[in-house]
Structure formats: structure tokens, C-alpha cells
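The values are calculated or read from the model by the stated rules, or taken from the named source; none is laboratory data. Computed from a prediction, not measured in an experiment: that's the story for all the values here. When we count neighbours, we look across all protein chains shown, and the Cβ atoms used for this are built from the backbone with ideal geometry, even at glycine. Please note that ligands, DNA and RNA were not included when accessible areas were found on the heavy atoms of the full protein model with its side chains. Shrake-Rupley method; radii C 1.70, N 1.55, O 1.52, S 1.80 Å.
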Amino acid sequence: MTLARFWQVALFTAITCLMLFFFLPHNKYVRYQLLDIGVYAKAKWIYERAHFSNTPIDIAFIGTSHTLNGIDSELVQRRLNDNANTKRHVVNFAIPHLGRDMHYTLIDMLLSEHKPQAIILEVRESEARDMHPGTHYIADSSSLIYAPLLVNLRYAGNLIRQPSRNFKVALNSLFPWLSPFEFEKDASAVPNHKNYALDFPDDRTRPLSPGKQKLDEERQNENRAAPYKYNEVSDLKSLLFFNANNTYVKRIQNLAAQKGVDVFYLYLPDYGTKEFPLRNIYIENWEDMIYPDFQFYQNPAYFNDLGHLNAEGARLMSEFVGGELACILENKNCYSVHELNNGEDSY
């Protein structure tokens, strides 16, 4: 065999093996258990709630730590059902860190098992430049292959990790008696809610506000570190910075439309925000966005740090959102939308 022929055979063999590793059969539930880093481990419960629970999912919140720390699904559900004729079940499927690829993955998984009435998608002042660092743990390999290329900072890294991830999951799936992972869950063992907004699962309470001076300093520091976040940028920079995440937002919209599921947008920006999101790609009319009076975002008493509501802020926001959803979903005439006043919004 000539040297050239040897390298041709070696290359063909390597590519074939690589492709086999990409599409090894395995249990998806195991994938969601791989993401077991800190609060990211909530992914396991999200899969269980969507696949094993007998409780319906009517409203699903999708977002980052802003939604994780700002929305209590039990409180939203109670407020919604107190003001609605139809009783609905609410879940908070938020996982920390920006990256619409994670949101698309979770929504795709959810809609494969359920047809909720609405998805509530978190919106901030600006889309992120980066994708989510945990998507490669749980996403289908094919989804990562067809991820947007321009400019996706994690495209190559996500693909490189797929063969080893798939091999690990396949081994555990083929030999479940040797695996540390679970492969099924009794419905009665899956709680309907998993929240972090009012207190943590270990019963620690969320701290109060650090005060206006500290929050103002944090916002100034963030503006220096990431000026694109609060300020306009050129069209070219906007394309380079945000194309990948913007593409996923459009894919979410298209997927939901195909499944006949409504998407609403919840504005959860940083402390001190006075304006609507920059570079709008979501909706044509801001009246369709769920948000309280902007004075809420400027009140330091409601924030635990620059980006996250404290327990009191989360309580007020959750009650407000539950009331707003009752108006939207029941087609009520809400004559004073966006008004939030100590948790009692007016309609």
C-alpha cells in the first residue's frame, strides 16, 4: 500500500468512526443528567417534568438566571388562576447563563411532549454575544451541526465534544446496571415546581438589596466592561455580535408557530434600566411585551445585585406577571397594564 493510499484509508476510517460517534443511540434522559454543575443541574428536573410527570404544562417560562431568580412559578400559577376561569399549570424552565441555543433546545424538547398554551421567553436589554456553555451536554448532535455559523463562538467546541459525550451516554445506556444515572422516574417523584426566586431549595433565604450606591457602581462597571449591552452599536457589529442568538430567537418563533403555541416576552433587564431592549427582533408592538412600570427596574429595594431580583422583587414580579397573564390569556380588558404597586396590579 502506498503512503498516499494509507492516508486516504486512515482519513476515511477516522471520518467514519467520528460520524458513528456523533449518532450513537442513547438515552436522552442521561444527557440531561450530565449537566450537573451547580444550578445547571436543574436540567434533570426539567426533563423529568416534561417526560415523566402526569401534571400538564400550560405555561412555561424559559430564560436565564434573571428568570430563575425573578419568577416563582407557584406564585404565578396561583395569581393567574385566581384571576382566570381556566386553571393552568405553570413551570419555570430557566437555566442560568445567556445563550438562546439553550432556550431553543429546551423548547424543542418541551414541544416534543407537550402543547402548552404559551411560552414566556425572557428578554434583556440586548442579546448576548456568546452562546450557552451547557448546550452541548443536552442538545441533539444534529441540532449542533445545524447551529448558525455567523458568528457562533462555540460552534467548533460544541462539535468537538460530541463524540466523547455520545460515547459516554451510549455506554451508560447499553449497560444501565453499571450506570450511576437514572433511566426512568416515577411520576409521583417529580415535583410540579422547582423554584429559586423566593428562597433556595436548601431553605436558605435570598439576601436583601445591597443598596443604591452599590448597584449604581455595578451598573457603571458593567457599562465599561460591555458597552454594547446598554448602548447602540453599528449594523456590522450588531451582525457579528448577535447573529447567532438572534437566529435562535427566530427559530424559536418558527418552531412555536409550527406547533401552534403562543410566545410572549418577559422583560427582565438589569437594575437601572430606563428603556426597551436595543436591536428589537422580537415583536412589532411593545404593548405585547410583559413588563411593569419602568420605575420598578430603577428601585434598588427590589434587586439582589445588578442583574437579579431579590426575594421581594421576585414576589412582586411573579404576582404581577400572573395577573398580566390572566388578562392576556382570558382576553380581559386590562385598563392599566404594566402598573405594579406592591404586588397589586390594577385591571
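For a quick protection proxy, order the peptides 219-226, 137-144 by their average other-Cβ count within 10 Å, most packed first.
Sorting 219-226, 137-144 by mean packing, highest first, produces 137-144, 219-226.
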> How much of the accessible area of the chain, probe 1.4 Å, is carbon plus sulfur, in whole percent?
Replying inline: 53 percent
>> 7 Å from Cα along Cα→Cβ at both residue 188 and residue 255: what's the point-to-point distance in nm?
In response: 3.4 nm
> Quick one: if you stick a label point 7 Å off each Cα along the C-beta vector at residue 217 and residue 113, how many nm between them?
Replying inline: 4.5 nm
>> Quick check: pseudo-label points 7 Å beyond the Cα along Cα→Cβ at residue 86 and residue 280, how many nm apart are they?
In response: 2.8 nm
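Just by accessible area at a 1.4 angstrom probe, what is the order of 87, 229 from largest to smallest?
87, 229
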> Going highest first, how would you order 145-152, 68-75 by mean Cβ packing within 10 Å?
Replying inline: 68-75, 145-152
> Order of 115-122, 56-63 by packing, highest average Cβ count within 10 Å first?
Replying inline: 56-63, 115-122
>> So, taking all protein chains as they sit and a 1.4 Å probe, how much accessible area belongs to residue 241, in Å² rounded to tens?
In response: 40 Å²
>> I'd like the orientation of helix 3-22 relative to the chain: the angle between its Cα long axis and the longest Cα principal axis, in ° from 0 to 90, rounded to 10.
In response: 40 degrees
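Tell me, Kirkwood radius of segment 150-270 from alpha-carbon pair distances, in Å?
20.3 Å
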> How many percent of all Cα-Cα pairs in the chain sit more than 39 Å apart?
Replying inline: 18 percent
>> Probe of 1.4 angstrom, ligands and nucleic acids ignored: what's the accessible area per residue over segment 76-229, in square angstrom?
In response: 50 Å²
